[in-house]
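Participant: I'd like to ask some things about the structure below.
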Amino acid sequence: MEKLISVIVPIYNVAQYLPKSLDSIINQTYKNLQIIFSNDNSSSICDEYAAKDNRISVIHRKSRGGVSDARNDGLRAVSGDYIGFIDPDDYIEPCFFQKLYEAIVRDHADIAVCNYHIFGQGLNQTGKTPTVVLNSQQAMELLIADNEVTSYLWNKLFLADLFMESCFDSGYRYEDIRIIHKIFLKSARITAINSVLYHYRIRKGSITNSTVLNKSKELIEALECRCSDLKNTEYYIPACYAEMIQIRRILSDILISHVNKDDFFEEEFDKLKSLYHICQRHIKMIQKI
């Protein structure tokens, strides 16, 4: 018998796109799903879907605690063997869960990753996910480098046990960057398939389209959190280097923008120099060996 897959969908102010997203989930070729809507705006749409499909449960949240809290509520309700995360303004191919589950079974993996399509607001991009099977170290290296394997939660299927004793940091954006390395460290084998199965919508006013400085600052803070978590591991220096590259990119973008950036620029430039010195010391230590 096919294993049960729990699908967590954090619902926020996306009524315009919600039916397409929910239809893509309930019409999956993989039928053994537990579909959890964690809803913080009392949308009647969720209740209407739940009335028609007994696989759906709706968590009506009293406070608007953000996506992290909605996902945490979803995790507490999970009863499946595997977990998937779908954003409510996106949609998935009918075979999304079927192909990811089959890849996990075929390759004896803990996590399956697929390719994706990003669209909206003038964007039309496809990810670079290859077809490959990776051990934990290989996957971590690609994840930290944000190369072929990204920190996105939504294009992955996870063994549910990986989230035991793990939760999303409450009140933060980029919650995926803050947790995904912890999940990868627990996994022994990750499989990836070069099939575009997830469609990610960039929309005006979405959480990832906030003011430039706030968005940049919170991204850097999430990368700092990752570095801190990995400090006593072999991945610390690669994580520092990845943060350094990201800060350099952000500062370059800000330099050519019209954003009021003096305090931000000075603060982040100091971080950039500190990360540079950490990486340089590491290089010198290796050269002495």
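Participant: According to a simple spin-label model (label point 7 Å from Cα along Cα-to-Cβ), what is the distance in nm between Asp253 and Asn32?
Facilitator: Each label point lies 7 Å from its Cα, and together they span 4.2 nm.
Participant: If you don't mind, another one. What is the helix-to-structure angle for 67-76, meaning the angle in degrees between its Cα long axis and the longest Cα principal axis of the chain, kept from 0 to 90 and rounded to the nearest 10?
Facilitator: 50
Participant: Using a Gaussian network model on the chain with a 10 Å cutoff between Cα atoms, which of Ile92, Ile111, Ile202 fluctuates the most?
Facilitator: Ile202
Participant: Further, regarding this structure: Could you tell me the largest-minus-smallest coordinate of the C-alpha atoms of the range 120-238 on each of the three principal axes, in descending order and whole angstroms?
Facilitator: In descending order, the Cα extents are 38, 33, 27 Å.
Participant: With the cut-off at 30 Å, tell me which of the pairs Lys156/Lys215; Lys3/Lys182; Lys52/Lys215; Lys186/Lys273 have Cα atoms farther apart than that.
Facilitator: Lys52/Lys215; Lys186/Lys273
Participant: Could you tell me the largest-minus-smallest coordinate of the C-alpha atoms of the chain on each of the three principal axes, in descending order and whole angstroms?
Facilitator: Principal-axis extents of the chain (Cα, largest first): 63, 44, 34 Å.
Participant: Simple spin-label model, 7 Å along Cα-to-Cβ: Asn135 to Asp23 in nm?
Facilitator: Roughly 4.6 nm, to one decimal.
Participant: Here's another thing I want to ask about it. Using the crude model of +1 on Lys and Arg Cβ and -1 on Asp and Glu Cβ, and no other charge, please compute the dipole size for the range 118-209 relative to its Cα centre, in debye to 20.
Facilitator: Roughly 320 debye, rounded to the nearest 20.
Participant: For Met1, Met140, write out the residues from largest to smallest accessible area, computed with a 1.4 angstrom probe and no ligands counted.
Facilitator: From most accessible down to least: Met1, Met140.
Participant: For Lys128, what charge total do you get from the other residues with a beta carbon under 13 Å from its beta carbon, if Lys and Arg give +1 and Asp and Glu give -1?
Facilitator: Once all neighbours under 13 Å are counted, the net charge is -2.
Participant: Set Lys and Arg Cβ to +1 and Asp and Glu Cβ to -1, take the dipole of the range 22-165 about its Cα centre, and tell me which of Gln137, Gln28, Tyr82 lies farthest positive.
Facilitator: Among Gln137, Gln28, Tyr82, the one farthest towards the positive end of the dipole of the range 22-165 is Gln28.
Participant: For the range 125-167, what does the convex hull of the Cα positions come to per residue, in cubic angstrom?
Facilitator: 103
Participant: With the chain treated as a Gaussian network of Cα nodes joined by springs under 10 Å, which of Ser252, Ser68, Ser21 yields the largest mean-square fluctuation?
Facilitator: Most flexible of the set in this elastic network: Ser252.
Participant: Could I ask something else about it? Work out, step by step, the length gained on full extension between Lys182 and His277: first 0.36 nm times the residue separation, then minus their alpha carbon distance; give nm to one decimal.
Facilitator: My answer for the length gained is 31.6 nm.
Participant: In Å, what is the Rg of the alpha-carbon atoms in the range 1-156, and how long is Dmax?
Facilitator: Cα-based Rg and Dmax for the range 1-156 come out at 15.9, 45 Å.
Participant: Can you give me the accessible area per residue for the range 1-125, using a 1.4 Å probe, in Å²?
Facilitator: The answer is 43 Å² per residue.
Participant: Determine the dipole magnitude for the chain: charges of +1 sit on the beta-carbon of Lys and Arg, -1 on that of Asp and Glu, nothing else is charged, the reference point is the Cα centre, and the result goes in debye to the nearest 20.
Facilitator: 280
Participant: Under a Cβ-Cβ cut-off of 14 Å, what is the net charge of the residues other than Glu148 that fall near it, where Lys and Arg count +1 and Asp and Glu count -1?
Facilitator: Within the 14 Å Cβ shell, the charges total 0.
Participant: In a solvent-free Debye calculation with one equal scatterer on each Cα, what is log10 I(q)/I(0) for the range 81-165 at q = 0.10, 0.18, 0.20, 0.26 Å⁻¹, listed in the order of the q values?
Facilitator: -0.26, -0.85, -1.04, -1.57
Participant: Please calculate the 1.4 Å probe accessible area of Lys20, with all protein chains present, and give it to the nearest 10 Å².
Facilitator: Number for this one is 110 Å².
Participant: Roughly how many percent of the accessible protein surface of the range 1-122 is carbon and sulfur, given a 1.4 Å probe and a whole-percent answer?
Facilitator: Reported share for carbon and sulfur atoms: 48 percent.
Participant: Against the longest principal axis of the chain, how steep is helix 262-288, in degrees 0 to 90 to the nearest 10, with axes from Cα atoms?
Facilitator: Around 80 degrees separate the two axes.
The values are calculated or read from the model by the stated rules, or taken from the named source; none is laboratory data. Since the structure is predicted, the reported quantities are computational estimates derived from the model, not experimental observations. Because the Cβ atoms are built from the backbone with ideal geometry, glycine has one as well, and the counts that use them run over all protein chains shown. Ligands, DNA and RNA are stripped out before the accessible areas are found, and what is left, the full protein with its side chains, is counted by its heavy atoms. Shrake-Rupley method; radii C 1.70, N 1.55, O 1.52, S 1.80 Å.
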